[in-house]
Structure formats: C-alpha cells, structure tokens
C-alpha cells in the first residue's frame, strides 16, 4: 500500500480512510466512493477535490452528472479551499507516525483504528464527535457503556438527533465566522475582476526555468482572464509552457495598471514563416543540457517573458553565432562533459 484516499464529510467532520496500492483512475475512484461512502451515507450534493488527473477527467464529470452532483475543484496553489481535508491529512500523518514508529511498513493495518479514533473524537468545529452528529449518539467502546445510550422510544431518538443537528449548525456558523474574522485581519479585499481583464500572476509557488529564485520576477504576465469561477477564483489564458492548472485564487493575482510613466508592454511579435512553418526570434540562450548525442538549449524568445522559456534542439536555432557566443561566454568550470551547463 502506498496511497490513502481521504473522504471527509463537511457537516459531521466524519472521515473514511481507504488504503490503496497506487493512485486510482477516475473509474476506480468512482467505484471506491460507491463502496465506501455512498452505500453508507447516501448520494452527496457536491464533491470537492483537488485537481488530480482523476478529478478533472471526463469520466469523473460524467459520473457526478449521473447522480446530479456538483463537481467542485480547488484553485491552484491555494490548499485552504479544501482546508478540512488538509487538516485531516495532517492528523492522519501524526497518528500513523505514533502507531508505526517502530515498523512503518505495516501502517495500513492501523488505518481502521485511526478512522475510528477520529470519528469518536469531539470536533472543535461542531462540539460533537462525528459519530454523534451522524448517528445521534456516541457508540460505546465497551458493552458496559450501552446503558448510557439507551433510547426509550423512536420519538426520543428523533428529538435527540434534531437537537444535535441544530447545535451543530449553530457551531459551524460560529466557527466559520471566527475563522473568517481571523483570516480577514491579515488580508485586504481583492479587486473585482472581469472577463477579458489583464492580470499579473505571482511566481511564489512555481519555479521558472534556469533562474535563481531570489532574482526571479515576483509576477509574470500579463495574462487574460477567461472566466470568473467565483469571487475568489478565476481562470487564466496561460501558455502551454507553464504546465500548471489555469484556475487561481485571487490572492495569486494583481490587476495590470497602466500610466504615462509606466505604459503597458507592447504585444509580443508575431511568428515569422520560414519554409511554411512558424519561427520566432531568439533573444538569448540561457542554458544548455546534453540530450542523446546532441544538446538542447534553453532560450529566451524575443518579446516574451521568462514564463515562455523552452528547451529546443540545436537545429531550431538558425543563427550559429548565438551558440558560439553562448559557449564562449561559459566559464570552463561551470560545466562538465555530458552534463548541463
């Protein structure tokens, strides 16, 4: 076993932990939810997940559409979107470390006990354990404690469950207000973005190619807004070279502002057509690496920012003087035969 599927209920804070041998596909994930969640708790109205390949696939969307469930995905580089699952994973890691400190290989056999301990523990957000919110009572650990949960009638059980649910809803609203007040104390209100607006994207969460982190630009772009997912998340038109999800939290963005003292940069130049194929002008060569029998070069394109850098083979660089100038500029100690330079 190498993977754990963590499922958390937003209302009761109950969890289900499923050990897996590897990352499941979208079809396998759907079968796991039916087996471990749907048959016990019914069909959910919404499923919030990260942007793993199984959750952004067409199969997953068709599966959720079959039971009219809403597909919700976290925004890029903003784990707070699914904070309760992130906290659950931290608790799971700490608990498993206590169980398996002497023999980490057998962690899977302790997973049911971790799940039971979490569902029996009183949640700080609700004031009740997940078992109490779900069942209306705390299941006894020993037979001698069954007297404490005795039910005189069905109506008594219904009244007790409804009382717990009312108190849970009030506690969740109070907890959400406290968390919002604490978070808002350290942030400013985000601007209202519109479709087609140009924004800058923060680079704090993904590195740029062949560039020192301290000297890299704090923001790249500008990029166009393709869609407003909600007031806190937008989808951008990104170049394929970035290889990241296009949906970001508004905390990762800032609007493009122009003035006479600092005008907006000109539009990147269009491609030239050479032998029927598009070609772009190379501004400079940043680095090189050995690939097979030849070299690849990391190039800066004329009129484009560092986010557009890409590795190209030697045949793509039509001006041989650029390669000679780059090789001559490299100090002898900065590279080794067969390695990157």
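The values are calculated or read from the model by the stated rules, or taken from the named source; none is laboratory data. Because the structure is predicted, anything quoted here is derived from the model rather than measured. Cβ placement follows ideal geometry from the backbone for every residue including glycine, while neighbour counts extend to all protein chains displayed.
Does residue 136 satisfy the condition of being assigned by TED's automatic domain parsing to the domain that holds residue 81, within 30 Å of residue 19 (Cβ to Cβ) and in contact (Cβ under 8 Å) with a residue 24 or more places away in the chain? Yes; evaluated as a whole, the condition is true for this residue.
Within the set 306, 313, 255, the sole residue that is at pLDDT 85 or above and under 30 Å from residue 81 (Cβ atoms) turns out to be 255. All of (1) farther than 24 Å from residue 112 by Cβ; (2) out of contact with any helix residue (DSSP H, G or I) (no Cβ under 7 Å at 6 or more places or on another chain); (3) modelled with pLDDT of 90 or more hold for residue 23 with one exception: (1).
Where residues in the range 195-211 are exposed (fewer than 15 other Cβ atoms within 10 Å of the Cβ) and within 14 Å of residue 249 (Cα to Cα), which of them is modelled with the lowest pLDDT? That would be 205. Taking the range 167-194, which residues are part of a loop (DSSP other than H, G, I, E, B) and either at pLDDT 85 or above or at positive phi (or both)? Across the range 167-194, the qualifying residues are 191, 192, 193, 194.
Conditions tested, residue by residue: (1) buried (at least 19 other Cβ atoms within 10 Å of the Cβ); (2) at pLDDT below 90; (3) within 25 Å of residue 29 (Cα to Cα).
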{"position": "73", "(1), (2), (3)": "yes, yes, yes"}
{"position": "79", "(1), (2), (3)": "no, yes, yes"}
{"position": "84", "(1), (2), (3)": "no, yes, yes"}
{"position": "91", "(1), (2), (3)": "no, no, yes"}
{"position": "106", "(1), (2), (3)": "no, yes, yes"}
{"position": "127", "(1), (2), (3)": "no, no, no"}
{"position": "133", "(1), (2), (3)": "yes, no, no"}
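Which residue pairs have Cβ atoms under 9 Å apart, sit 6 or more places apart or on different chains, and have a first residue in the range 59-73 that is closer than 14 Å to residue 38 by Cα and a second that is in a helix (DSSP H, G or I)? Hits for this filter: 63/26; 63/27; 63/29; 63/30; 63/33; 64/30; 67/38; 69/63.
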